[in-house]
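The values are calculated or read from the model by the stated rules, or taken from the named source; none is laboratory data. Just so we're clear, the structure is a prediction, and the values are computed from it rather than from any experiment. Note that each Cβ is placed from the backbone with ideal geometry, even for glycine, and that neighbours are counted across all protein chains shown.
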Amino acid sequence: MERPIRVLIAKPGLDGHDRGAKVLARAMRDAGMEVVYTGLRQTPQQIVEAAIQEDVDVIGLSCLSGAHNHLFPEVTRLLKEQNATDILVIGGGIIPEEDIPSLKAAGISEIFTPGTPTSVAIDYIKEHVTK
Amino acid sequence: MTTSSTHNQTSWAQRILDGDRRSLAQVISLLENQEQEGFNILKELYPHTGQAHIIGLTGPPGAGKSSLVDRMIQEIRTRGHKVAVVAVDPTSPFTGGAILGDRIRMQRWASDPGVYIRSMGTRGSLGGLAQAVYATVQLLDAAGYPYVLVETVGVGQSEVDIVQVADTVVVVSVPGLGDDVQVSKAGIMEIGDIFAVNKADLPGSQRVIIELESMLDLGSHGNWRPPVIPTVATTNQGVSQLVTAIQDHYAFLKENNLLMEKRLTRQKESVLQRLTERIRKDITELWTKEHGSQIWQDLAAKRIDPYTLEEQLYLNWKGGNTVDKKD
């Protein structure tokens with residue numbers, strides 16, 4: 001049986017702008033993925049715990065509050081702590097160009113900035129999740 | 001997942017018994033994907049099953065099932081027990097994708113080590129899903145969760161199959177969905193051991209309660225008359241009564257020796273379903289090996305009808321000779 005890719009979409013931090021996350025979740029569903037959506041204002045710990053319980057292949061983080069430099073690396077740090085670095089982590093939101101290298105160094109595989117077509121993120125996931 | 005290469009099965013089972021949630025989650029995936037390795041692990045853990053009270057929740061979309069489950073988790077945790085949840089959401093029949101959104105309402109429990117929540121898509125195969133849910137429930141049972149809640153959208157026969165993996169079925173209703181004819185015609189109403197009328201603070205809830213009560217008065221229920229419990233998930237009203245009613249039902253099943261009976265029926269059904277699926281695969285694989293996939297094209301072009309085709313496949317598998325010829 002062809003198993004669908006499982007993705008967790010989460011919004012860490014305090015901003016309430018989830019339109020982008022929801023649009024992406026819909027696009028992923030339409031691309032045949034199973035998308036677990038955890039809602040707003042999640043702590044990195046809640047996100048990592050949910051990802052482990054749901055046995056997802058990918059965590060998609062969306063942050064528009066500017067706190068990404070703190071929140072995203074915290075997610076990858078907790079994944080490391082749980083021995084779960086095989087879960088692919090990608091991020092999106094209003095993220096300045098100059099922050100991207102340090103986020104990638106912290107284990108975020110790719111950052112998608114505003115204006116990225118959903119198909120780009122979906123293709124990236126399909127390419128990088130190997131089962 | 002590189003399961004077999006990195007770990008042996010003993011350690012998988014042992015890690016689940018030791019409470020390792022990552023291993024538990026990964027083996028649930030194996031079961032969900034119908035991979036034999038998952039069932040091998042489940043075989044090993046099978047002696048540890050049979051301890052959990054399995055509770056099914058069903059009802060129409062938007063009835064507040066997930067919010068109610070969230071409150072039930074709270075109540076069960078307050079009473080000092082661990083709890084696991086399997087939340088089933090529909091898979092798109094067109095793309096195979098799914099948005100699994102039940103977890104949003106329960107996400108506050110993500111960091112509680114006494115709560116395990118798993119979302120599942122229906123993935124199209126109806127009997128298969130009930131089997132995947134059943135296997136997952138058994139794994140959670142073996143992992144030491146004394147309460148396992150299965151939440152599903154109450155539409156159609158397949159959903160009835162899913163909730164019937166449960167010892168206790170809670171049917172969630174809400175006001176505003178129609179008159180008492182709806183109550184008596186909906187098949188899902190026949191499977192409830194407990195009826196929760198959620199959003200009981202809304203107008204019309206009293207009518208739903210009365211309609212349910214009178215429907216239940218007409219039916220025969222043996223010695224268990226399903227209670228009707230008004231709830232408001234948003235304010236926690238009625239949730240304690242609901243959990244108590246669920247525990248009462250379990251005690252009733254045990255006292256009347258109905259639990260073993262119920263579980264045996266389920267186990268038999270599981271054996272038969274898995275056997276049917278295996279034979280079905282055997283028959284089609286044998287045919288495909290011998291004759292290729294031409295038959296499906298013949299079927300599409302109406303060169304053969306489905307009824308003759310079924311007979312041919314069966315006879316081919318049986319070797320032809322062992323079946324009495326029709327005159």
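Against the test of being under 28 Å from residue A:43 (Cβ atoms), of a type outside the set (Asp, Glu), in contact with a Phe, Trp or Tyr (Cβ under 7 Å, 6 or more places away or on another chain) and away from every other protein chain (no Cβ under 12 Å), the options B:83, B:69, B:115 yield a single qualifying residue, B:83.
Take the residues of the stretch A:31-59 that are farther than 17 Å from residue A:84 by Cβ and at the interface with another protein chain (Cβ under 8 Å from one of its Cβ atoms): which is modelled with the lowest pLDDT? Top of the filtered list is A:39.
Residue count for the stretch B:33-42, restricted to those that are in a helix (DSSP H, G or I) and either closer than 20 Å to residue B:19 by Cβ or touching an Asp or Glu at 6+ places or on another chain (Cβ under 9 Å) (or both): 3.
Every condition in (1) within 11 Å of chain B (Cβ to nearest Cβ); (2) small (Gly, Ala, Ser); (3) more than 12 Å from the chain's Cα centre (by Cα) is met by residue A:10 except one, and the failing one is (3). Residue B:66 meets each of the listed conditions (1) free of Cβ contacts under 8 Å to residues at least 40 places away in the same chain; (2) assigned by TED's automatic domain parsing to the domain that holds residue B:240 apart from (1). Taken together, A:111, A:87 contain a single residue that is out of contact with any Ser or Thr (no Cβ under 6 Å at 6 or more places or on another chain) and without any contact (Cβ under 8 Å) to a residue 24 or more places away in the chain, which is A:111. Of the residues that make up the stretch A:81-98, is at least one over 17 Å from residue A:21 (Cβ atoms), in a helix (DSSP H, G or I), over 13 Å from the mean Cα position of the chain (by Cα) and among the small types (Gly, Ala, Ser)? Within the stretch A:81-98, not a single residue is over 17 Å from residue A:21 (Cβ atoms), in a helix (DSSP H, G or I), over 13 Å from the mean Cα position of the chain (by Cα) and among the small types (Gly, Ala, Ser). Could you tell me whether the stretch B:201-208 includes any residue that is surrounded by 12 or more Cβ atoms within 10 Å (Cβ to Cβ), under 24 Å from residue B:69 (Cβ atoms) and touching a residue at least 60 places away in the same chain (Cβ under 8 Å)? No, the stretch B:201-208 contains no residue that is surrounded by 12 or more Cβ atoms within 10 Å (Cβ to Cβ), under 24 Å from residue B:69 (Cβ atoms) and touching a residue at least 60 places away in the same chain (Cβ under 8 Å).
Restricting attention to the stretch A:30-51, the residues that are among the β-branched types (Val, Ile, Thr) and surrounded by fewer than 24 Cβ atoms within 10 Å (Cβ to Cβ) add up to 1. Residue B:60 fulfils the conditions (1) modelled with pLDDT of 90 or more; (2) away from chain A (no Cβ under 12 Å) except for a single criterion, (1).
This table checks each residue for (1) of a type in the set (Val, Ile, Thr); (2) crowded, with 23+ Cβ neighbours inside 10 Å.
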| residue | (1), (2) |
| --- | --- |
| B:32 | no, yes |
| B:46 | no, no |
| B:50 | no, no |
| B:56 | no, yes |
| B:67 | no, no |
| B:71 | no, yes |
| B:79 | no, no |
| B:85 | yes, yes |
| B:93 | no, no |
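Can residue B:70 be described as modelled with pLDDT under 95, among the charged types (D, E, K, R) and touching a helix residue (DSSP H, G or I) at 6+ places or on another chain (Cβ under 8 Å)? Here the answer is no, as residue B:70 does not meet what is asked. Does residue B:288 satisfy the condition of being among the β-branched types (Val, Ile, Thr), out of contact with any helix residue (DSSP H, G or I) (no Cβ under 9 Å at 6 or more places or on another chain) and without any contact (Cβ under 8 Å) to a residue 24 or more places away in the chain? No: the conditions fail for residue B:288. Considering the stretch B:223-251, and only residues there that are assigned to a loop (DSSP other than H, G, I, E, B) and free of Cβ contacts under 8 Å to residues at least 60 places away in the same chain, the residue that is surrounded by the fewest Cβ atoms within 10 Å (Cβ to Cβ) turns out to be B:223.
The residues listed here are A:56, A:48, A:35, A:75; of these, the one that is in a strand (DSSP E or B) and within 14 Å of the chain's Cα centre (by Cα) is A:35.
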